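S.K.: Structure in structure tokens, see below.
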Amino acid sequence: MRAIRLSKNGGPEVLELVEVETPQPGPGQIRLRHEAVGINFIDTYHRSGLYPIKLPSGLGSEAAGVVEAVGDGVTRFKVGDLAAYAGAPGAYADANVVAAERAVKVPAGIDSHTAAAALLKGMTVEFLIRRLHRVEAGETILVHAAAGGVGQIMVQWAKALGAVVIATVGSQEKAARARELGADHVILYRDQDVAAEVRRITGGKGVPVAYDAVGKDTFEGTLKSLARRGLFVSFGNASGPAPPVEGRQLMLNGSLFFTRPTMIDYQTTTEELDASAAAVFEMIGSGKVKIEIGQTFPLAEARKAHEALESRATIGASLLIP
Ligand SMILES: NC(=O)c1ccc[n+]([C@@H]2O[C@H](COP(=O)([O-])OP(=O)(O)OC[C@H]3O[C@@H](n4cnc5c(N)ncnc54)[C@H](OP(=O)(O)O)[C@@H]3O)[C@@H](O)[C@H]2O)c1
């Protein structure tokens, strides 16, 4: 089978398409023949070395496809099931072996492309707005990079919960998309002062919760946009890592709370995984969350896909198609 491999960290040029042996599932594992591979910003951190991985290595953590082999002891799946996984290494490939307990069945009515575009990003939104903090009807939330993969899902899900959404985006085209998805207010954060706009929109109060996966470039604006005792959820580094947080900063900006979560800590059991995935599929199935696959690339063009993602040229989710 074909797989993307890297033997050193660096830019997109370190990604290489190679032929490898098709792996056999061991006990408790399944092999999926991929129909679509989800591209996530975390893949660029693994490639660049921001999040260290052992090299040489495969890349990618999310895909959907048909179960074509099951290892001993697997009862969750049978050959022929449509399944998806998020958070297992080596997804940029024609097929992959993953632990059955880390994969989920894709329900009828949801196709493999949608599942690969939505599972990791959707489960991220699920834990961020339903469990880490429960977004309530009428609550105003700040969502950065709102036209991106995670951002689009967060805007729609928060709107379905009755929240007021202040979205930030990097271009007019993305602003239009955020509005179409239901964002109540849109800030062009490359041109406008985010905190000043948030204060204006909220009558000076600020927001009780802000979701920031842009990191370095938005950190200061997010800090200054929060209401007293507000919650700063820092969950990514699209522009580079956020600076270290000093306790004093949290005090001086209104006794704030700061958290830096990652999905895996909100999926510590198969039950948590199943519940999170079910919530995502339910939001999609009900039509409350629509998944935009803005870009697809052949597997062999993983480099191009990373260039597009890192140059802010993408809207919605991106897929690699084997
Ligand atoms: N903690 C977790 O468990 C978890 C899980 C999943 C994802 N995440 C994080 O969530 C974020 C979104 O992930 P995604 O896969 O859906 O990506 P994405 O949002 O589709 O793409 C990233 C977006 O970030 C914005 N951005 C701002 N400054 C940027 C810069 N200097 N370079 C590149 N992009 C920049 C761009 O939108 P504009 O053009 O509108 O600025 C870009 O389109 C990432 O930071 C990711 O690491 C975290």
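S.K.: Is segment 219-311 rounded, prolate or oblate when judged by the Cα gyration tensor, a ≥ b ≥ c being the square roots of its eigenvalues, rounded requiring a/c under 1.5 and prolate requiring a/b larger than b/c?
M.R.: Details: a/c = 2.21, a/b = 1.42, b/c = 1.56.
Because a/c hits 1.5 or more and a/b fails to exceed b/c, segment 219-311 counts as oblate.
S.K.: Charges only on Cβ, +1 for Lys and Arg, -1 for Asp and Glu: so what's the dipole of the chain about the Cα centre, in debye to the nearest 20?
M.R.: Working: 34 positive and 35 negative charges, 159 e Å.
So the dipole magnitude of the chain works out to roughly 760 debye.
S.K.: Further question on the same structure: Give me Lys121, Lys105, Lys288 sorted ascending by neighbouring Cβ count inside 10 Å, so fewest comes first.
M.R.: On the way: Lys121 26, Lys105 17, Lys288 14.
With the fewest neighbours first, Lys121, Lys105, Lys288 line up as Lys288, Lys105, Lys121.
S.K.: Post the alpha-carbon centroid distance, segment 203-251 to segment 122-186, in whole angstrom.
M.R.: Cα centres, segment 203-251 to segment 122-186: 16 Å.
S.K.: Is there a quick way to get the dipole size of segment 204-322? I mean about its Cα centre, with the Cβ of Lys and Arg at +1 and of Asp and Glu at -1; what is the value in debye to the nearest 20? The partial results should precede the final answer.
M.R.: Working: 12 positive and 13 negative charges, 118 e Å.
It comes to approximately 560 debye.
S.K.: Once phi is turned into θ = phi - 60°, what whole-Hz ³J(HN,Hα) does the Karplus curve with 6.51, -1.76 and 1.60 give for every residue of segment 258-269, x standing for Gly and Pro?
M.R.: Once θ is set to phi - 60°, the couplings for segment 258-269 become 10, 9, 10, x, 9, 3, 4, 6, 10, 9, 7, 9 Hz.
S.K.: Please give the Cα centre distance for segment 285-309 versus segment 87-119, rounded to the nearest Å.
M.R.: Each part reduced to its Cα centre gives a spacing of 14 Å.
S.K.: Go through segment 20-34 residue by residue and turn each phi into a ³J(HN,Hα) via Karplus (6.51, -1.76, 1.60, θ = phi - 60°); whole Hz please, and just put x for glycine and proline.
M.R.: With coefficients 6.51, -1.76 and 1.60, one gets 9, 5, 6, x, 9, x, x, x, x, 10, 10, 10, 9, 8, 5 Hz.
S.K.: Follow-up. Among Pro243, Pro208, Ala145, which residue has its Cα positioned farthest towards the positive end of the charge dipole of segment 137-260, with +1 placed on the Cβ of Lys and Arg, -1 on the Cβ of Asp and Glu, and the dipole taken about the Cα centre?
M.R.: Positive-most Cα among the choices belongs to Pro208.
S.K.: Testing the spin-label approximation: label points 7 Å from Cα along Cα→Cβ at Ala137 and Lys205. State their distance in nm.
M.R.: 1.7 nm
S.K.: Starting from the Cα gyration tensor of segment 157-212, take the square roots of the eigenvalues, sort them a ≥ b ≥ c, and report rounded, prolate or oblate (rounded when a/c is under 1.5, otherwise prolate if a/b is larger than b/c, else oblate). Let's see the in-between values first.
M.R.: Numbers: a/c = 1.98, a/b = 1.04, b/c = 1.91.
Oblate shape, in that a/c is at least 1.5 and b/c is the bigger or equal ratio.
S.K.: Going Cα to Cα from Lys54, which aspartates and glutamates come in below 17 Å? Please leave out same-chain ones fewer than 8 positions away.
M.R.: The reachable aspartates and glutamates, counting only those whose Cα sits under 17 Å from Lys54, are Glu16, Asp43.
S.K.: Determine ³J(HN,Hα), in whole Hz, for all residues of segment 225-235 in sequence, where each value follows from phi through the Karplus function 6.51 cos²θ - 1.76 cosθ + 1.60 and θ = phi - 60°; x replaces Gly and Pro.
M.R.: Karplus values, whole Hz, x for Gly and Pro: 8, 7, 6, 3, 6, x, 10, 9, 9, 9, 10.
Taken together, the values in this text are just the output of simple stated rules run on the coordinates, not laboratory data. It should be emphasised that the depicted structure is a prediction, and the values quoted were computed from it without experimental measurement. With ideal geometry, Cβ positions are generated from the backbone for all residues, glycine too; neighbour counts draw on all protein chains shown.
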